[in-house]
1. Just to confirm my numbers, what's the Cα centroid distance between segment B:212-238 and segment B:135-174 in Å?
2. Karplus couplings for segment B:427-441 from phi (6.51 cos²θ - 1.76 cosθ + 1.60, θ = phi - 60°), rounded to Hz, Gly and Pro as x?
3. Taking the Cα centroid of segment B:1-80 and of segment B:308-324, what is the distance between the two, rounded to the nearest whole Å?
4. Need one number: % antiparallel among DSSP beta bridges in the protein assembly as shown, to the nearest 5.
5. So how far apart, in nm, are the two label points at B:D432 and B:R177 if each is 7 Å from Cα heading toward Cβ?
6. Taking R0 as 56 Å, what FRET efficiency do you get between B:E2 and B:D505 from their Cβ-Cβ distance, rounded to the nearest 0.05?
7. So how tilted is helix B:66-75 from the main axis of chain B? Cα-based, degrees 0 to 90, rounded to 10.
8. Which semi-axis lengths, in whole Å and largest first, follow from the square roots of five times the eigenvalues of the Cα gyration tensor of segment B:52-133?
Amino acid sequence: MPPIIDSSECTACGRCVEICAEDVFYGSKKGEIPIVTYPRECVHCSCCVYECPVGAIRVRIPLPAMTVYKPTQEKSQ
Amino acid sequence: MEEQMVETDVLCIGGGIAGLMAAIRASELGAKVVVAEKGHALHSGRGRDGNDHFETYIPEVHGIDRAAFIEELLRTAKGEVSLSHEIFRAQFAKAFDIVKLWDSWGIPMKYKGKWEFAGHSFPGRAMTHIKYSGHMQKKVLIQQAIDRGVEIMNRVMGFELLRDGDGIIGALAAHTREDKVIVFRAKAVILATGKCSRLYPSLTPGWMFNDPHGGGVTGDGRAMAYRVGAQLHNVEMPQRHIGPKYFPKFGQATWVGVLKDAQGKPVGTFAPKPDRKYGDMIMEVNKLVCEQYTQSGKGPVYMDCTDMTDEDYEYMMYWMVQEGNISLLDHMKEEGIDIRRHPIEFATYPLRFGGLIVANAGAETNLKGLYAAGDEAFGDISAAATFGWIGGENAARYAKEIEAPDVERHRATIEEKKISLDRLRGRQEGPDWEEANIALQQVMYDYAGSVRNKALLQQGLSHLQRLKKKIDTTMIARNPHELAHCLEVLNMFELGELVFIMALDRKETRSLHVRPDYPFTNPLLDQAHIIQTMDGKPVIQWKPF
Ligand SMILES: Cc1cc2nc3c(=O)[nH]c(=O)nc-3n(C[C@H](O)[C@H](O)[C@H](O)COP(=O)(O)OP(=O)(O)OC[C@H]3O[C@@H](n4cnc5c(N)ncnc54)[C@H](O)[C@@H]3O)c2cc1C
Ligand code: SF4
Ligand code: SF4
C-alpha cells in the first residue's frame with residue numbers, strides 16, 4: 001500500500017487526489033477521505049506527501065523496492 | 001461514449017517540460033493554446049519533482065566559439081545518440097536564453113549567485129552542465145503558461161492524431177476519469193509525451209511502476225505519430241541507465257561519491273575520491289559496469305560516498321532534493337541508511353525503448369502542422385525546454401497562416417475510434433491492460449533484449465503479433481482509468497513490433513544492439529535508420545544525418 005493516509009489527520013481537502021499524476025486515488029469522492037484504489041501504480045515520488053497541507057500522508061516503500069546497501073561502517077581505502 | 005469538441009490553434013499533447021515550454025511560447029505569439037495532459041501537469045513526467053543539471057553554452061564562460069563547445073559535447077557525453085550537428089547548433093544557440101528566462105521566472109539557475117558548473121563532464125575538459133534548483137520548476141512553468149492564457153486540461157490522454165492530406169488537423173483524446181472522448185480541432189499539434197517506461201520490464205519486474213521514468217510515459221506520441229505517417233528513428237536502439245538498487249532513481253551525476261567494488265576499489269579511473277565537481281564519470285562512460293561486474297563474478301558495485309566531507313554532504317543533499325529525489329532521501333532516512341556510512345548498491349537498469357520522432361532543428365516533423373519536442377524527439381531538460389520553445393514558436397506561426405481545419409470530414413474515423421473504446425469498456429471477460437502489459441514485457445525481454453539474432457527476432461515478432469491480434473479483440477477496461485492504460489498498452493504493442501522490424505533490418509552490431517549473426521559495426525550505416533508507414537505498410541530507409 002504505498003500511500004497511507006492517516007484518517008484522523010486528513011481533512012478530506014482532495015489535494016492529493018487532484019495532483020497525483022498516476023491517479024492512484026482514482027475514484028475518490030469529493031469531501032471524503034481519499035481511497036487508495038491503485039496502490040501498485042504508485043511510483044513513490046512522494047508528491048502527495050509534500051502537497052498534503054496537514055501532513056496526513058506517508059508513502060510506504062514496498063519490499064521489492066527497498067534500497068540495498070552495505071551495512072558495514074568500514075571506511076574504504 | 002460522450003464526446004466533447006475543443007477548438008484551438010495549437011494543441012500540446014503532454015504537459016511536461018517540453019509541452020509547457022511550447023505552450024508558453026505559442027501563447028506568447030498570440031495563438032490559442034491547449035495542453036492535454038494525461039496525469040496532472042504539476043507533478044507529471046520526468047521533471048515532476050525536479051532536475052538539477054541544465055546543459056548550456058554560456059559565452060562569458062566558454063568563450064565566443066560555440067562550435068568548440070559543440071565539438072566537446074560530441075566527443076564526450078552526447079555520443080550516445082547520433083544527431084545532426086544542426087540540432088546541436090540550434091539547441092546551444094538558444095539554451096542560454098532559456099536559462100536566463102527560467103531564472104527570471106523564479107527557477108533559480110545560479111547557485112550562491114554564480115553559474116555553478118558540475119557533473120556530466122570529464123576532469124580537465126570543458127564543463128557543459130550548470131546546476132539549477134529545479135524542484136519547483138513545474139509549478140513555475142504552469143504559472144507562466146496560465147498567465148499567458150494557456151488552458152491546461154489534466155486527465156486527458158491523447159491517443160490518435162487526425163490527418164488530412166499531408167497535414168495534421170487535430171487529435172482524439174480520452175478522459176481518464178470519465179467515459180468521454182475529446183475531439184481536438186487544432187491547426188498545429190506538438191507532441192511532447194516524454195519517454196516510454198513500461199515496454200520492457202522494470203528493475204523490479206513484479207512491480208512495474210517502480211520505474212525512474214514514472215508510470216505515465218508510455219511512448220504514446222511515437223505510436224500516434226507513426227500511425228499517421230510521421231517518421232521514427234533509433235527505434236531498435238535500446239537505452240540503459242545506472243542508479244541505486246532497487247529504488248530506481250535518475251540523477252547519477254548528483255551523487256558525490258565513487259563507484260567501487262565490494263573490496264573498496266574504484267571500478268573506474270576518473271574519480272579516486274568523492275568530487276562534487278565531476279562526480280564519477282565512469283557511469284557516463286559505461287552504464288553497463290554494474291551488470292558486467294555482477295555477471296563476471298566481481299559484483300556487487302557500490303556508490304561509495306563515505307569519504308565525503310561534511311560540506312560535500314550538505315551540497316549533495318541540497319541537490320538531491322532539487323533533482324527530484326526527495327522520496328529516496330526520505331526512504332533512506334526511514335531505513336536508517338546514511339550515505340556517509342553506508343555504500344549504496346548501484347545497478348545497471350534494464351533496457352528502455354530508445355525510439356524518437358524525426359524532427360528537425362525547428363521541431364518540425366515530416367507532416368505539416370506536426371511538431372515534436374523533448375524526450376519524444378531528443379531529450380534532457382535543456383533540449384526539452386529549448387525545442388519545446390522553438391516548436392511552440394513555429395507552431396504558432398504556422399497556425400496563423402492557415403484556416404481552421406474541418407475535422408467533420410473525418411467523422412467516420414472519429415466514430416470508428418469511439419466504437420473501439422466502447423468495445424474495450426463493454427467487454428466483461430478477458431485480459432486487462434496489466435495482463436497484456438506483462439505479456440508484452442515478457443516478449444520484449446526474451447526476444448528483443450540486447451543480444452538478438454534473426455531467428456530470435458522473427459520468433460519474438462510472430463509471438464508479439466499473435467498477442468496483439470488477441471488483445472485487439474479481447475482486452476477489457478473496467479473504468480476510464482483502465483481504459484487509458486489499455487490505450488497505452490496498444491501503443492506499446494505497436495512500438496514493440498517496430499523494435500523487432502527495425503532490429504531485423506539493422507544487420508550489424510552497434511552499441512546495445514548486439515547481433516552475433518552480424519558481429520561488426522558497419523561504418524556505412526552511420527546514418528539515421530528511419531521507419532514510417534506508407535499505405536498501411538512499414539517502409540524503412542537509411543538517411544545521412
Ligand atoms: C529523477 C530524474 C532526474 C533527471 N535529471 C535531469 C537533469 O538533471 N538534467 C537533465 O537534463 N535531464 C534530467 N532528467 C531528464 C529530464 O527530466 C527529461 O529529459 C525531461 O523532463 C523531458 O521533458 P519532456 O517534456 O520531453 O517529458 P516529460 O517531462 O517526461 O513530460 C511528458 C509529459 O507527457 C505526458 N503524457 C504522456 N503521454 C501522454 C498522452 N498520451 N497524452 C497526454 N499527456 C501525455 C506525461 O504525463 C508527462 O507529463 C531527469 C529525469 C529524471 C526522471
Ligand atoms: S507517491 Fe506519487 S505516485 Fe504515489 S500516490 Fe503519492 S503522488 Fe501518487
Ligand atoms: S491532501 Fe492530505 S488532507 Fe487533503 S485529502 Fe489528501 S490526505 Fe487528506
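The values are calculated or read from the model by the stated rules, or taken from the named source; none is laboratory data. What you are looking at is a predicted structure, and each value in this text was computed from that prediction instead of being measured. Cβ placement follows ideal geometry from the backbone for every residue including glycine, while neighbour counts extend to all protein chains displayed. Note: accessible area is taken over every heavy atom of the protein model, side chains too, but ligands, DNA and RNA are not part of it. Shrake-Rupley method; radii C 1.70, N 1.55, O 1.52, S 1.80 Å.
1. After rounding, the separation between the Cα centres reads 17 Å.
2. 5, 9, 10, x, x, 8, 4, 5, 4, 5, 5, 5, 4, 5, 4
3. So the separation of the two Cα centres works out to 26 Å.
4. 65 percent
5. Reported label-point gap for B:D432 and B:R177 is 2.0 nm.
6. On the way: r = 43 Å, r/R0 = 0.76.
According to the calculation, E is roughly 0.85.
7. Compared with the principal axis, the helix lies near 80 degrees.
8. On the way: eigenvalues 88, 42, 27 Å².
For segment B:52-133, the ellipsoid semi-axes come out as 21, 14, 12 Å.
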